[in-house]
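Below is one structure; the comments refer to it alone.
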Amino acid sequence: MQNRMKTHSLSNEQVIEILDKAMVGSIATINEDGFPYVVPVHFVYYENKIYIHGLPVGQKVNNLVANEKVGFEVYDMKSLILDQKACDINTEYESVIITGIAKLITEYEHKEAILGKIVSKYTPKLSEQKLPDNMVKGTGVIEIKIIECTGKYYK
């Protein structure tokens, strides 16, 4: 483990707080040619899992169907920490890095519940509205079961 990780680790509570407030994360899947494919996504952290919504088809979905192993990351750059020397500039930040196993959620009630959580996070004033059936059916929902999760900060 890197020394900074040992001295600048976030607690589990801090990691959850970052996952709850972050508006954008990035999911990394593996292409058929073995290269990573990273996409920014809207997400919700719920019951110790990450849920992502989007189109039910596409490169990200094809990749995770072929290889369920994924990475997920959230990063909040707060400011630059300036010094008088160019090489002494640093960054104040918080980050969460997750490795996990991804799958598509197909069960209607589960998808509807997760999409409701996503609506509540991003548009809380609309959270009381029932989601249209065609939207639930036509939206892809990815579940990431967290295998490893680390949080780090620097001030």
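The values are calculated or read from the model by the stated rules, or taken from the named source; none is laboratory data. These numbers were taken from a predicted model, which means no experiment stands behind them. So basically every Cβ, Gly included, is an ideal-geometry build from the backbone, and we count neighbours across all protein chains shown.
Per the listing Val119, Val74, the residue uniquely assigned to a strand (DSSP E or B) and touching a helix residue (DSSP H, G or I) at 6+ places or on another chain (Cβ under 9 Å) is Val74.
Against the definition (at pLDDT 95 or above, buried (at least 16 other Cβ atoms within 10 Å of the Cβ), in contact with an Asp or Glu (Cβ under 7 Å, 6 or more places away or on another chain) and hydroxyl-bearing (Ser, Thr, Tyr)), how does Tyr51 come out, yes or no? When the stated conditions are applied, Tyr51 passes them.
Return yes or no: is Val61 out of contact with any Lys or Arg (no Cβ under 8 Å at 6 or more places or on another chain) and within 30 Å of Lys155 (Cβ to Cβ)? The answer is no for Val61. Across segment 1-19, the qualifying residues are those that are part of a loop (DSSP other than H, G, I, E, B) and surrounded by 15 or more Cβ atoms within 10 Å (Cβ to Cβ), and the one among them that is modelled with the highest pLDDT is Leu10. Restricting attention to segment 129-155 and to residues that are of a type in the set (Asp, Glu) and assigned to a strand (DSSP E or B), the residue that is surrounded by the fewest Cβ atoms within 10 Å (Cβ to Cβ) turns out to be Glu148. Annotation: of all residues in segment 21-38 being of a type in the set (Gly, Ala, Ser) and outside any strand (DSSP E or B), the one that is surrounded by the most Cβ atoms within 10 Å (Cβ to Cβ) is Ala22.
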